[in-house]
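Notes for the one structure printed next.
Here, each number is a calculation from the coordinates, and none is a lab measurement. Being a predicted model, the structure only gives us computed values, none of them experimental. When we count neighbours, we look across all protein chains shown, and the Cβ atoms used for this are built from the backbone with ideal geometry, even at glycine.
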Amino acid sequence: MKQWRRNWRAELEELICCSSSAAGRGPDPEKRQAILKAASELFLADGPDRTSMDRIARRAGVSKQTVYAHFNSKERLYRAVIAQRLAAYFPESPLDIAVGHDFKVTLQEIGERIMRLVFSPEAVGMVRRLIEAAPREPRLATLFFEEGVDRLEDALVQVFSRAIAAGHFPDADPQLAARRFDVLLLDQWYLRALLDQPVDLTGESISRHVARAVRDLLALARAGRLIAQDDEEESS
């Protein structure tokens, strides 16, 4: 687990709100948000690999120097856009989401937030553009995983670790539980969404789908299927 991912809110805010290190230059929140909005729109429309800092500056109505004053590279800006999307659905860490004392209810809440995040038009569009760009700039996929997929997975591993230690979830490998939960949530829905096929994303449909994923995950855990050593024994 990444040691630098201990403070969810602080890390996301640092990425989103980063400013120039130049002496005497403080961040302008309005300009920063305009830059993030412009970058997000252009990354979504044309892909991050085909979007220059000049175009982002023009779209935001600021100078290129101002863009660099807030985000010192396009990589940093791309990280910030990903972090902003994640923070919109998880302003607090999944580890801090607790609904009553029923861990199933907590998983339901986390699962529904993941679904709304992953299947949002912006997230689906970003992944489509990333698939197009990855062969030309594979570094972009690395950034996407580091700031999005891996960050969320690390938090889920902590969620399961704490639940297992407290006796709220059957004994399991926390990382395997987190990844299996993700697979159960995405199911065939994600491929359909990427290919622009119909997917029922109404609140009621998402709620039912997540409830099934939670039920199936618990069944796997109770059956001992979320213990990493099982895979090694079966392959031997």
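Can you tell me the relative contact order of segment 106-236? Whole percent, Cα pairs under 8 Å, sequence separation 6 or more.
The value is 31 percent.
In whole Hz, with x marking every Gly and Pro, tabulate ³J(HN,Hα) for segment 62-76 from phi via Karplus 6.51 cos²θ - 1.76 cosθ + 1.60, θ = phi - 60°.
Ordered by residue, 3J(HN,Hα) equals 10, 7, 4, 4, 5, 4, 5, 5, 8, 9, 6, 7, 5, 4, 4 Hz.
Would you mind checking the radius of gyration and Dmax of segment 136-211 based on alpha-carbon positions, in Å?
Values for segment 136-211 (Cα only, Rg and Dmax): 15.3, 47 Å.
Stretched out fully, how many nm does the piece from ARG9 to HIS101 gain, at 0.36 nm a residue minus the Cα gap?
Result for the pair: 30.8 nm of gain on full extension.
Quick check: net charge around ALA133, other residues with Cβ under 11 Å of its Cβ, Lys/Arg +1 and Asp/Glu -1?
Value of the local net charge: +1.
Quick query: amide H of PHE169 versus all other amide H atoms, modeled in the peptide plane; which residues come in under 5 Å with a sequence gap of 5 or more or a different chain?
Long-range HN contacts for PHE169: ILE164.
Determine ³J(HN,Hα), in whole Hz, for all residues of segment 201-208 in sequence, where each value follows from phi through the Karplus function 6.51 cos²θ - 1.76 cosθ + 1.60 and θ = phi - 60°; x replaces Gly and Pro.
10, 5, x, 5, 5, 4, 4, 5
If segment 30-161 were replaced by its equivalent ellipsoid, with semi-axes equal to the square roots of 5 times the Cα gyration tensor eigenvalues, what would those be, largest first, whole Å?
30, 16, 12
Let me check against my output: what whole-number percent is the relative contact order of the chain, with C-alpha pairs under 8 Å and at least 6 apart?
19
Once Lys and Arg get +1 and Asp and Glu get -1 on their Cβ, which of ILE114, GLY61, VAL99 lies farthest toward the positive end of the dipole of segment 55-185?
GLY61
With θ taken as phi - 60° and the coefficients 6.51, -1.76 and 1.60, list the Karplus ³J(HN,Hα) couplings across segment 113-122 in order, rounded to whole Hz; mark glycine and proline as x.
Whole-Hz 3J(HN,Hα) from phi for segment 113-122: 5, 4, 4, 5, 5, 5, 9, 5, x, 5.
Considering the dipole of the chain built from charges on the beta carbon (Lys and Arg +1, Asp and Glu -1) around the Cα centre, which of THR202, ALA178, SER40 is farthest to its positive end?
SER40
Might you report the magnitude of the Cβ-based charge dipole of the chain about its Cα centre, with Lys and Arg at +1 and Asp and Glu at -1, to the nearest 20 debye?
980
Expressed as a whole percent, how much of the Cα-Cα distance distribution for the chain exceeds 26 Å?
45
Obtain the nm distance between the two label points defined at MET53 and ALA211 by a simple spin-label model: each point lies 7 Å from its Cα along the Cα-to-C-beta direction.
A separation of 5.1 nm, rounded to one decimal place.
So if each residue of separation counts as 0.36 nm, and I subtract the Cα-Cα distance between ARG128 and SER63, what length gain in nm does that give?
Gain on stretching ARG128 to SER63: 20.5 nm.
Measure nothing fancy, just the Cα-based angle from helix 150-165's long axis to the longest principal axis of the chain, in degrees from 0 to 90, nearest 10.
With rounding to tens, the tilt is 30 degrees.
Go ahead and estimate [θ] at 222 nm for the chain from helices alone: -39,500 (n - 2.57) per DSSP H run with n ≥ 4, summed, over the residue count, rounded to 500.
It lands at -20500 deg cm²/dmol.
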